[in-house]
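The next block holds one structure in the form of structure tokens; read it before the comments.
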């Protein structure tokens, strides 16, 4: 048995470098050498990827070499780590994918056209409407009561009108509001409950009031009938702005709302026949701006002999509509009259009253010596507390009625005073607007508009509080004030009605303010003169002027003598309770 033959392959030495030589030297005496030379010559001039000793042996064929173009940014040695080839190696054997999709295109690029379809009437919709009406008829046929059938017909008609926008074209305004949003205000009760024994004498609509006019009425102070002291206005309040607001302080003090017949000065002037018509400035302003009011209010007219007294019912300033300061009364979406929220009309009126009283005191220099009238003591003022308001009794001549002059005597108010150009005292009437929630009141945001567009803010207040602004202007005119000062007070948080900030002030002359708000002073005096003539022609007695809560008119009632006289009844009830105890 012979051993296997093991022939060592011929290894050629390359003294010039690594790997086989490019050419071989063949020898005819050696067949093995010739075979090796033939193999090497076969791969002559083919590309060869060079390497060095530190390189690891990689794959024979690198089919994934094209990923080097995308991964190189993540790691500079990506190919060396994954494939074992050097980062400086060539790319002769890398596979590069040819983007064939970019060169691919459809031969016909036009859109395929659908064959035309024949028009088919909407029979299904027509059948649906017919079936729905048939079902409604069957439902109505179940009810034999004709009254109930009319109710269903009326409700169907109302729904159809609502879908069509009220039957008057496209939907406008607030047609999309929820049901009952405005119905709350339509159900406002009157300011006083009308009793069955009150006789209606006259209904005067706003159209008749707006046509009246009485020009050239000027007032003058009654000598010796000026009471109280006025503090000077702090001019530093004019520097308050939105960027530098000032917190509204809660200041202690009282304010008086003494009515006409309870005023001792008016009683004395009536006995002395200084005039024949008596009232306070707030009552006169209410009557003169009657055509601008929306809320219900009432004024009592009392004829005693040849004199006429415009009075208000005996109630507090928080409940009496004459003294209440309405908020957003003439707005397109006024607040609800009653409700559990803090933004109903009653709560807002109480908030506005406190804001006005605190603002009026905060703008004064309490530590300086005040300006005093000839009578520093107010007749109905208590000794311990002061209202810091001066009262002037003025008279106005309104012509003749049946050969007798009509002289109106009114108690007016001034809130502050400041030194004029020649150190003369200039009288001020101070009032404050209050912002409660601009998103609900239909107004503008004061913190974004008040700094640069104060006129736009005042125009919005004129739209939302037309009657209140007119009353304030008339009160300043009746009192003979030189200027009227408006303050802009806003809530710190719209959900908190107890904390407020002063965002700015604004000053006008009363006549200029009346012109800006389109307040016709001649028309205001004409309304007052027409009411005076009406009651002067009536016999002595007690009458009531009531603003209708639902319609734009005022209604006059004839009252019995004991109307609103509750003191005796209350005392009798208290006496009965004590006897029972």
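Numbers at a glance
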item: Residue, farthest from the chain's Cα centre (by Cα), within region 492-518, restricted to residues that are assigned to a loop (DSSP other than H, G, I, E, B) and more than 23 Å from residue 349 (Cβ to Cβ); result: 509
item: Neighbours by Cβ (under 6 Å, 6+ apart or cross-chain): first from region 505-525, within 20 Å of residue 359 (Cβ to Cβ); second at pLDDT below 95 and surrounded by fewer than 17 Cβ atoms within 10 Å (Cβ to Cβ); result: 505/238
item: Some residue of region 274-282 being closer than 19 Å to residue 469 by Cα and either within 27 Å of the chain's Cα centre (by Cα) or part of a strand (DSSP E or B) (or both); result: yes
item: Pairs, first modelled with pLDDT of 90 or more in region 358-373, second in a helix (DSSP H, G or I), C-beta under 9 Å, six or more apart; result: 362/237; 363/237
item: Residue under evaluation residue 199, criteria (1) touching a strand residue (DSSP E or B) at 6+ places or on another chain (Cβ under 9 Å); (2) closer than 30 Å to residue 548 by Cβ; (3) crowded, with 16+ Cβ neighbours inside 10 Å, criterion not met; result: (3)
item: Test: residue in region 539-561 that is exposed (fewer than 13 other Cβ atoms within 10 Å of the Cβ), in the same structural domain as residue 473 (by TED's automatic domain parsing), modelled with pLDDT of 90 or more and more than 30 Å from residue 341 (Cα to Cα); result: yes
item: Some residue of region 266-273 being under 21 Å from residue 473 (Cβ atoms), touching a residue at least 24 places away in the same chain (Cβ under 8 Å) and outside any strand (DSSP E or B); result: no
item: Checking residue 280 against (1) within 19 Å of residue 411 (Cα to Cα); (2) in contact with a helix residue (DSSP H, G or I) (Cβ under 8 Å, 6 or more places away or on another chain), the condition it does not meet; result: (2)
item: When residues of region 309-325 are limited to those that are touching a helix residue (DSSP H, G or I) at 6+ places or on another chain (Cβ under 7 Å) and modelled with pLDDT under 95, the one surrounded by the fewest Cβ atoms within 10 Å (Cβ to Cβ); result: 318
item: Residues located in region 206-232, provided they are within 26 Å of residue 520 (Cβ to Cβ) and out of contact with any helix residue (DSSP H, G or I) (no Cβ under 9 Å at 6 or more places or on another chain); result: 218, 220, 221
item: Which numbered condition residue 327 fails, given (1) in a helix (DSSP H, G or I); (2) under 24 Å from the mean Cα position of the chain (by Cα); (3) touching a residue at least 40 places away in the same chain (Cβ under 8 Å); result: (1)
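The values are calculated or read from the model by the stated rules, or taken from the named source; none is laboratory data. Bear in mind the structure is a predicted one, so any value in this text is a computation, not a measurement. FYI the Cβ positions are ideal-geometry reconstructions off the backbone, even for glycines, and counts take in every protein chain you see.
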